[in-house]
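One structure is given below, encoded as structure tokens.
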Amino acid sequence: MERSGGFAAVPRTVRLARSQLTEAKAAELDDLVRAADLPALPATIPEDGKVADAFRYRVTVRTDTTRVLDSGTLAMPLPLRRLVEFVNDATRPAGPGGGDVGE
């Protein structure tokens, strides 16, 4: 997952594999991917107008196929937002910061 934009415009790229997670967290990730219904979403989800300091996310999910989605924070459907928040939380570096969707 890649994040760009925001107040400081500092990009962040993270990778998360099921093998990095506990069994319970891997099951939660699977549920979030299913709930996001990625095949039903357009490849690009545009914002309504220009949004200052908003994050944009490029989310790549590899299952049986690979799906790449690009969305701004405000236009992101809630199930996709929950998936992004999960990945942010699971890959957050130790210490303050790390970059939630809503920051």
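Each value in this text was obtained by applying a stated rule to the coordinates, not by laboratory testing. No experiment lies behind these values; they were computed from the predicted model shown. So basically every Cβ, Gly included, is an ideal-geometry build from the backbone, and we count neighbours across all protein chains shown.
Please tell me if Thr13 is under 13 Å from the mean Cα position of the chain (by Cα) and without any contact (Cβ under 8 Å) to a residue 24 or more places away in the chain.
Working: under 13 Å from the mean Cα position of the chain (by Cα): yes; without any contact (Cβ under 8 Å) to a residue 24 or more places away in the chain: yes.
Against the criterion (under 13 Å from the mean Cα position of the chain (by Cα) and without any contact (Cβ under 8 Å) to a residue 24 or more places away in the chain), Thr13 qualifies.
So, Leu32, is that one touching a residue at least 40 places away in the same chain (Cβ under 8 Å), surrounded by 10 or more Cβ atoms within 10 Å (Cβ to Cβ) and in contact with a Lys or Arg (Cβ under 7 Å, 6 or more places away or on another chain) or not? Criteria met by Leu32.
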